[in-house]
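Asks: One structure is given below, represented as C-alpha cells, and several questions about it will come after.
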Amino acid sequence: MPDIDEDILRQLMARATEDLFAPRAAVAQALRRQRRHRARVRVTAVAGTAAAAGLAAGVLLPGTGGGARPSSSGTASSGTGHVQLTAAQRELFSLSAAAAATPRPDGRYVVLTEQTTSIDSGGPSGATRETGPKTSVIDTITGGGVTYQGITVTNANGTPTLPSVLQAANGTSPTRAQLDAMPTGPAALRSALLAQARRQIAQAQQSVEQKVRAEEKQLGKKLATPSQPRLSDDDLVFGQAADMLWQPDLSPALRSALYKVLAATPGVRAQTGVADSSGRPATLISRPADSGGYTVNTYEDPVTGATRESSWAGPGRSFDEDLYLHIGYTDTIPPNPYKG
Amino acid sequence: MDRKQERAFEEFVAQSGDVLLRLATLLTSDQGLGEDAYQETLHRLAARWSRVDNPQAFSRRVMHNIVIDRARARQRRPAEIRLVDAHDDGDPRAADTTSAVEVRPVLLAALRTLTPQQRAIVVLRYFDDRSENEVAELLGVSPGTVKSTASRAMAHLRQQPGISGLLAATDSTMKRKVRYA
C-alpha cells in the first residue's frame, strides 16, 4: 500500500523533526554579515588571499587574559609558525599608535572606493561571479548615502546587470556622532563591545524561548529549549571589534583603542609582512573561528592603522572580501564615476 | 540590504526558519550537518535578499545545492551507517506516540541510505508537501524523474529494518486512528 507508506513517511518526518527550532542566533549571524555589507550595499567580494606569507607572527594564548605568558617553544621562530609570545600584542600596539597619530580628514562625506569580486559556487543558477569597482559615499551626519557600482555578474543565466546607483537610507551606517560617543579607554571600550554583543544575544535567546513556549502550547507537551552557540566573551569582543574596524570613519582615538582591545583579547593573531590582495604591505589580524565556523581577517595599513581589506570566511566555500582602494572626504556628493 | 529589507528577512526567517532547519536536517540526514546547511542557506539568502523574488523556492534550491556540494566533498559512504544501533535503542512498535528523539535517529539513518538526490525528492515531496511538478522545478529535473525516483526511494526505505519497524508501528497507529475517526 504505497499511499499509506507515503503518508506514514510524511508523519515520521514531521515527528522526527518537531522538536527542532531554528536558533535565532543564525539570523543574527546572517544579518551581522549583511550589516557589514549594508553600509555600502555591497555585493560581496573575493580575491586571492595573500595571507599565506607571514614573516613575523604572534598569537595571544587563550586564557592568558591578554597578558604575556612565556612559552618554552616560543621566541622568534624563523618561518611561518605562530610565535607564542606577545608578538601579536606588539604589532597591535604598533597599529594602535599608528592610528592615534593619523588624523581624520575634514569633510561631511566619506568616499570609499573598493574592488569587489564574489564567487559563489553553489547558487541556484550554478557558479556566480560578481566583480567590479564600487564607490560608496557615506553621509557622516545622517548615516545615509549612495553607492555607485560597476559590478558585472556572470552565471549560468548569462550576465544579469546590477543597478549602478543604490541609495542608502539615513541611519544605514553609524553616524560620526554615534561613533564618537563610543568610549576610547580600552577597558571601557571592551565593556561596551561586550555589552552590545550580549544585548544582541539576549534578544535572540528571548525570541527563541517565546517561540518554544508557543509551540509547547500548540503541541500540549514540554519541549527542550534549543541551545545557542556558546561563544566566549573573547569571541564576542573580537567579532564586534573587527566589525567596527571595518567602518571607515572612526576617530583616531577610537581606532587606536580598538587595537588595544584586540591586544588584550586572547587568541588574536597578528601577522606582519603580509600583503593585501593588491600587493600593498599589511598587518593581518585574525582569530580562529567561533563556534559558527566563521573567520574574520582584516588587513591593516601598518603606517596609518587604517583597514585595507576585510574578509569573512564561512564554512564551505563561502567567502567575502572588501579591498579598499581609496578613502577620501568631501563636502559634496561626487557624481557616478561608472556612468556611461 | 536596508533596514526595511532586513526586517522582511527577519520576518521570513521567523516564519520559515523552523521548517528550513527541519528540511536541512532531513536533507542532510544529520542534525549537526543540518544546522550547518541551514546557517549557510540563511547567509546566501541574506546576501541575495534584495534580488530574490521567491524566498521559499530560492532557499530550498540553495539548500539542496549546499547539501549536494557537501555530500560530494565528504564523499560519504552509506556503508558507515549503523542502523542496528539506532534500532536497538528500543522497539519503536512498543510506543503509540513515538517521540521525536526516538524516531529521529532511526529515520535519519534510513534516509542516509538514499542518495542525496533521492533524499531531496522524498523530503521535498512528502515533508515539504511539494507537488511532483514543484519538486521537478526546484531541483531542475523532469516530473517523470521525480515520480520514478520517489517510487524507487520509497521501495528502498521499506527495506530498511529500522524504518520498516517504524512504518509498521505508525501504520497500526494510523489505521486505528482512521478506524475510530
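The values are calculated or read from the model by the stated rules, or taken from the named source; none is laboratory data. Every value quoted in this text rests on a predicted model; they were computed, and no experiment measured them. FYI the Cβ positions are ideal-geometry reconstructions off the backbone, even for glycines, and counts take in every protein chain you see.
Asks: List the number of the failed condition for B:GLN75; all other conditions in (1) more than 8 Å from chain A (Cβ to nearest Cβ); (2) at negative phi; (3) surrounded by fewer than 18 Cβ atoms within 10 Å (Cβ to Cβ); (4) modelled with pLDDT under 70 hold.
Replies: Going through (1) more than 8 Å from chain A (Cβ to nearest Cβ); (2) at negative phi; (3) surrounded by fewer than 18 Cβ atoms within 10 Å (Cβ to Cβ); (4) modelled with pLDDT under 70 one by one, B:GLN75 breaks only (2).
Asks: Cβ-Cβ below 8 Å, separation at least six or inter-chain, first residue in the range A:260-276 and touching a residue at least 12 places away in the same chain (Cβ under 8 Å), second of a type in the set (Ser, Thr, Tyr) and not in a strand (DSSP E or B): which pairs?
Replies: Between residues of the range A:260-276 that are touching a residue at least 12 places away in the same chain (Cβ under 8 Å) and residues that are of a type in the set (Ser, Thr, Tyr) and not in a strand (DSSP E or B), the close pairs are A:LYS260/A:SER96; A:ALA263/A:SER96; A:PRO266/A:THR64.
Asks: A follow-up question, please. When the range B:43-64 is examined, which residues are found to be without any contact (Cβ under 8 Å) to a residue 12 or more places away in the chain and part of a helix (DSSP H, G or I)? It would help to see each step written out before you state the result.
Replies: At the first step, the residues of the range B:43-64 found to be without any contact (Cβ under 8 Å) to a residue 12 or more places away in the chain are B:43, B:47-48, B:51-54.
Selection gives B:HIS43, B:ALA47, B:ARG48, B:ARG51.
Asks: Starting from residues that are under 21 Å from B:ALA110 (Cβ atoms) and among the aliphatic types (A, V, I, L, M), keep the ones in the range B:20-48 and report whichever is nearest to the other protein chains (Cβ to nearest Cβ).
Replies: B:LEU21
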